[in-house]
Amino acid sequence: MTFNQPLGGNQMPRFGGIPTMMRLPEAKTTAGLDACFVGVPLDIGASNRSGTRMGPRSIRAESCLLRPFNLATGAAPFESLQVADIGDVAINTFNLPDAVRRIKEAYDVILQNDVVPLTLGGDHTITYPILQSIAKKHGPVALIHIDAHADVGEHMFGEKIAHGTTFRRAYEDGLINPDLTFQIGLRGTGYSPDDFNWSRSKGFTVVTSDECQGVSLAPLMASIREKIGNTKLYISFDIDGLDPSVAPGTGTPEIGGLTAYQGQQIIRGCKGLNVIGADVVEISPPYDSSGNTSLLGANLLFEMLCVLPGVKYHNV
């Protein structure tokens, strides 16, 4: 079997070519794919700065700098998985509930085939309909959620669905296993202790950013791996989980965040787990003047690809 390969920098200059994710071939459907990159260009669920609708396009543009082999881990995903970019979900720009419906229906179609979707966001609202579709196929999943915010609000301006309510709705709908839900990097100011304590009261494991400062996250991830075991896992990575010094291009930045390497450690620590989907959300290119936040998002998505079941590894 011949596997799709990213277009290399010696075949076409990195500033040239069609800007798919990692300059992979584009596919119209997920038939025959093991994994796919898909964009959800939504920002009408955001409560502060807008711009995440441009996230997927910017991530794709910056991903031209990536190469197909992971020199740190030895992962060679394109030697063992059939991967393509399937484009963007056609969301409703003017109606959030309808956009959420469209996202869920799009992922129902994507998941008709045995494929792992890796999603380019989009604000964090998108994870709710994705999890609806994921749970429809796989049942309740374990969740690793990297974020500055718990996103467990009861409502935002009276709305039940927005980027700050995602994981309360996912819990209420039985989409996630609360005892196997891990929220990492939470921090910042809040309205009350309930901002984080609601998660704890439902059985989520909360690891604040303060607990992560100055330490390796490898021991934490070893503990999480042991708890999750063979349970199917979804990874949701809000870019504001990282410190704004490395990820300024986001709508709700919070100081005192994780380092870029700690973000890599979290994802690399998922190797061996049964990852059935993942996303990187809340990248807002208008606040990313250098493009570094989008480049960081592209790298995190590549790291996610590298830990999927079936990936070939070389000794490094």
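Shape analysis of the range 175-316 based on the Cα gyration tensor places the equivalent ellipsoid semi-axes at 23, 21, 13 Å, largest first. Expressed as a fraction of 2.2 N^0.38 Å, the value expected for a compact globular protein of N residues, the C-alpha radius of gyration of the range 21-313 is 0.89. For the pair Thr189 and Thr231, a Förster radius of 35 Å applied to the C-beta separation gives a FRET efficiency near 0.55, rounded to the nearest 0.05.
Normalised by the number of residues in the chain, what is the relative contact order in percent for Cα pairs under 8 Å and 6+ residues apart?
22
Each of the peptides 278-285, 170-177 was scored by the mean count of other Cβ atoms within 10 Å over its residues; in descending order, highest first, they stand as 278-285, 170-177. A simple packing score, the average count of other Cβ atoms within 10 Å per residue, orders the peptides 119-131, 242-254, 191-203, 96-108 as 119-131, 242-254, 96-108, 191-203, with the highest score first. The distance between label points at Thr93 and Thr259 comes to 4.2 nm (points 7 Å beyond Cα on the Cα→Cβ vector). Using every pair of separate Cα atoms, the Kirkwood estimate puts the hydrodynamic radius of the range 59-193 at 16.9 angstrom. Rounded to the nearest 0.05, the FRET efficiency derived from the C-beta distance between Lys137 and Arg101 at R0 = 22 Å is 0.80. Counting only residues at least eight positions apart within a chain, or on another chain, the aspartates and glutamates with an alpha carbon under 16 Å from that of Lys137 are Asp34, Glu105, Asp108, Asp114, Asp173.
Coordinate-derived values only; no laboratory data. What you see is a predicted model, and the numbers here were worked out from it, not measured in a lab. Note that each Cβ is placed from the backbone with ideal geometry, even for glycine, and that neighbours are counted across all protein chains shown.
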